[in-house]
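All remarks here apply to the structure that follows.
Please treat every number below as a calculation from the coordinates, not as lab data. Because the structure is a prediction, the values reported are computed rather than measured. Positions of Cβ are backbone-derived with ideal geometry, glycine not excepted, and every protein chain shown enters the neighbour counts.
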Amino acid sequence: MVRKPTYTDVACRYFNQTGKENTRLLLEVAARRAGELAIGKVIVATCSGRTAFAAIEAFPPETKIVAVTHYAGFEKPNLQELSAANRRKLESLGVSVLTCQHAFGGVGRGIRRKLATYQVDEIIAYALRTFGQGTKVAIEVALMAADAGLVRTDEDVVTIGGTAEGADTALVLQPANSSDLFELKVREVIAKPKIF
């Protein structure tokens, strides 16, 4: 009798530091794994657009890329970090650009700032940061993209996050809507920093 394997060996790339220096190598390994799994959608966190433009170069042209930005006012009131020119260019290249409230930092962040008390969404964010900021971001942007209807909740995606600038974390996951947070399933860690 031939037994089915009860496990899968999958490589995970661990970076020795966080940050934008990892972006190119992260996108290469994420594109390779997406191809191996026949995943055609990638969610990329981006502030200025640089990481999204790098993803366009790294992934095959048929890959559907969703770029998720900071909301207007994240850095300072009325500022949108993604320039209108970069938004237009990304969209002209077929990228869906999403700008909306962060799943783990919207109204709850406002309550913390005003009343000095944390809310559930920010507590979840702190718990996810035990795996690194990029892991928190990669999960958060998947929730946001699902809420916007840009990815399905019954199909796996590759999702990419980072620490401050650039990308240093890639996950394979099944997205969920924010209201169904605990239906989100992280399938694989493609890469992440081990020092953060």
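How long is the gain from Leu25 to Thr117 if the chain were fully straight, where each residue apart is worth 0.36 nm and the alpha carbon distance is subtracted?
Going from the current span to full extension adds 29.2 nm.
What list of ³J(HN,Hα) couplings, whole Hz, do you get for region 92-105 from phi and the Karplus terms 6.51, -1.76, 1.60, once you set θ to phi - 60° and write x for glycine and proline?
In residue order, the calculated couplings are 5, 8, x, 7, 7, 10, 10, 10, 7, 4, 5, 4, 10, x Hz.
Full extension from Gln17 to Glu188: what is 0.36 nm times the residue separation minus their Cα-Cα distance, to one decimal in nm?
59.5 nm
For region 13-193, what is the percent of antiparallel DSSP beta bridges, rounded to the nearest 5?
Antiparallel bridges make up about 40 percent of those DSSP assigns within region 13-193.
Can you put Asp147, Asp9, Asp168, Asp154 in order of Cβ neighbours within 10 angstrom, beginning with the fewest?
Neighbour counts put them in this order, fewest first: Asp9, Asp154, Asp147, Asp168.
Take peptides 62-68, 173-179, 73-79 and line them up by average Cβ neighbours within 10 Å, highest first, as a rough protection proxy.
Numbers: 62-68: 21.0, 173-179: 17.9, 73-79: 10.0.
Highest to lowest by the protection proxy: 62-68, 173-179, 73-79.
Let me have the relative contact order for the chain, percent, based on Cα pairs under 8 Å that are six or more residues apart.
Values: 388 pairs, mean separation 54.5, N = 196.
For the chain, the relative contact order is 28 percent.
Near Ala125, within a Cβ-to-Cβ distance under 10 Å, what is the net charge of the other residues, with Lys and Arg +1 and Asp and Glu -1?
Within the 10 Å Cβ shell, the charges total 0.
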